[in-house]
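Here is the structure we will look at, set down as structure tokens.
The values are calculated or read from the model by the stated rules, or taken from the named source; none is laboratory data. As the structure is a computational prediction, the values presented were derived from the model and not from experiment. Reconstructed Cβ throughout: ideal geometry from the backbone, glycine too, with neighbour counts over all protein chains shown. Protein only, heavy atoms only, side chains kept; ligands, DNA and RNA dropped before computing areas. Shrake-Rupley method; radii C 1.70, N 1.55, O 1.52, S 1.80 Å.
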Amino acid sequence: MQDNQTKKLFLLDAYALIFRSYYAFIRNPRITSKGLNTSAIFGFLLTLEEVSSETEPTHIAVIFDVFRTHFPP
């Protein structure tokens, strides 16, 4: 990377992409030979690859926020 190149940072909301990917394939889920539903993983990685190849960012950060996964006692 050259010093004068414009830098692009992409921040990806991991849980939003995982949720979106899971439901995008709800009618035709991606199932492994052992019966594991991999729709969310597949969609998440597809989005990550698409962002990377189409926009060519210099930096990517994937954010997994804790507050959506933990509920108060």
Checklist line | region 6-47, residues that are over 22 Å from ALA61 (Cα atoms), at pLDDT below 95 and among the small types (Gly, Ala, Ser) | finding: ALA24
Check: Where residues in region 29-48 are under 9 Å from the mean Cα position of the chain (by Cα) and either exposed (fewer than 14 other Cβ atoms within 10 Å of the Cβ) or of a type in the set (Asp, Glu) (or both), which of them is nearest to ALA14 (Cα to Cα)?
Finding: LEU45
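Considering only region 49-68, state which residues are outside any loop (DSSP other than H, G, I, E, B), open to solvent by 100 Å² or more (accessible area, probe 1.4 Å) and in contact (Cβ under 8 Å) with a residue 12 or more places away in the chain. Reasoning before the result, please.
Step one: filter region 49-68 for residues outside any loop (DSSP other than H, G, I, E, B), giving 49-55, 59-63, 66-68.
Still in the list and also open to solvent by 100 Å² or more (accessible area, probe 1.4 Å): 49, 54, 67-68.
Once the filter is applied, which keeps residues that are outside any loop (DSSP other than H, G, I, E, B), open to solvent by 100 Å² or more (accessible area, probe 1.4 Å) and in contact (Cβ under 8 Å) with a residue 12 or more places away in the chain, region 49-68 yields only ARG68.
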